[in-house]
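The values are calculated or read from the model by the stated rules, or taken from the named source; none is laboratory data. Just so it is clear, the model here is predicted, and its values are computed rather than measured. All Cβ positions, even for glycine, are placed from backbone atoms using ideal geometry, and neighbour counts span all protein chains on display.
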Amino acid sequence: MKWTAREFFKHQLGRRAPVEKADLAGQTVVIIGANTGLGYEAAKHFATMNPSKLVLGCRSRERGEDALSRLTAETGYTSAVLSLVDLADFSSVSAFADRFEAEHERLDIAIYNAALWNPKHVATKDGWESSLQVNNLATPLLALRLLPLMQRTAKTSNSTPRLVVVSSEVHYQANVVELNDILAAPHLLNKMSDKEYCDHLSGRERYYQSKLAVTPGFCVSELRRNLVAGSWIMSFLERIVSRLIGFTSEEGSRMLVFGGIGMRGDEKSVRGQFLLSSTVVEPSDFVLSDLGKRFEEKYWDELIELLSKADEKIPDVLKETGIA
């Protein structure tokens, strides 16, 4: 599938489906990146469905506690808790997973919403390009670490937990020529993180590559704050475009909720699929191509090797979940 300007505007100017609703009594929901924007609005929606626990995963304690207070005041829900996690730090991700397993007996819905868009190369303390680490390395690390708990939940509660990764339709715009060059490199992830290579690409192109799930559409949020920082022209254009065609954060959050509870009873139809406008759609032609499949296989092999070094529990997780 190709994503044209016509399809983009048709999607942005179309109506959003009402938010999905379900009774989540007894269930545990976690939202990573929950203190603002789509994550916070999704948390508010889930709070109205009365889950046993709603865990807000946030990087900043101050902003997380503020979000927790606002959530309680706006919904009346009192079973939300804050847990700190910084996806730009592998040790923080591992610590979050350790705490979560120790504090919660089950996990029914996991929304991995945290994302980063840096226009310039910024390295993390772990030595990786920050957008790559947050979007493509730390997110799967956390998903893998919590996967055994989700599998145990499925067995003990006779249910089907949901793992939702927030992606974007911009993955349709990823440059196939550049992706082919990355695939030809001895180490794919090192190439994508290399400063010289990142400086060669625009910040937009690197973000497009990082979003190769669920897409909330173009929304008014803080995601592009680093992109417009220091440029009054970009900031002005951002405000104009957002007002003309941008969905509100609440409207965008409905897709996160749909990923978590939509099409219940038909989980096979949504498993491993790309969701747009509350429906399953075909991903980009690159994703479906032989080149895309080779890219995926190489990325996965390198990712597992990397994460096994970053977190000593990953090898056991792979065995327990049957991935290894």
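Below, the figures for the structure above:
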| item | result |
| --- | --- |
| Residue among A102, A154, A143 that is under 28 Å from T36 (Cα atoms), over 21 Å from the mean Cα position of the chain (by Cα) and not charged (D, E, K, R) | A102 |
| Options R99, R145; residue that is surrounded by 19 or more Cβ atoms within 10 Å (Cβ to Cβ), at pLDDT 95 or above and among the basic types (K, R) | R145 |
| Residue satisfying condition, being under 19 Å from A138 (Cβ atoms), at pLDDT below 90 and out of contact with any Lys or Arg (no Cβ under 8 Å at 6 or more places or on another chain), within set E296, E305, E282 | E296 |
| Qualifying residue in the range 80-93 (condition: closer than 21 Å to A22 by Cβ, in contact with a Ser or Thr (Cβ under 9 Å, 6 or more places away or on another chain) and of a type outside the set (D, E)) | yes |
| Residue count, the range 20-50 (criterion: buried (at least 23 other Cβ atoms within 10 Å of the Cβ), in a loop (DSSP other than H, G, I, E, B) and not polar (S, T, N, Q)) | 2 |
| Residue check, S269 at pLDDT below 90, closer than 30 Å to A22 by Cα and touching a helix residue (DSSP H, G or I) at 6+ places or on another chain (Cβ under 7 Å) | no |
| Hits in the range 61-91 - residues which are loosely packed, with under 14 Cβ neighbours inside 10 Å and among the small types (G, A, S) | S69, A73, G76, S79, S91 |
| Residue among V257, V317 that is of a type in the set (V, I, T), modelled with pLDDT of 85 or more and either under 17 Å from P18 (Cα atoms) or touching a Phe, Trp or Tyr at 6+ places or on another chain (Cβ under 7 Å) (or both) | V257 |
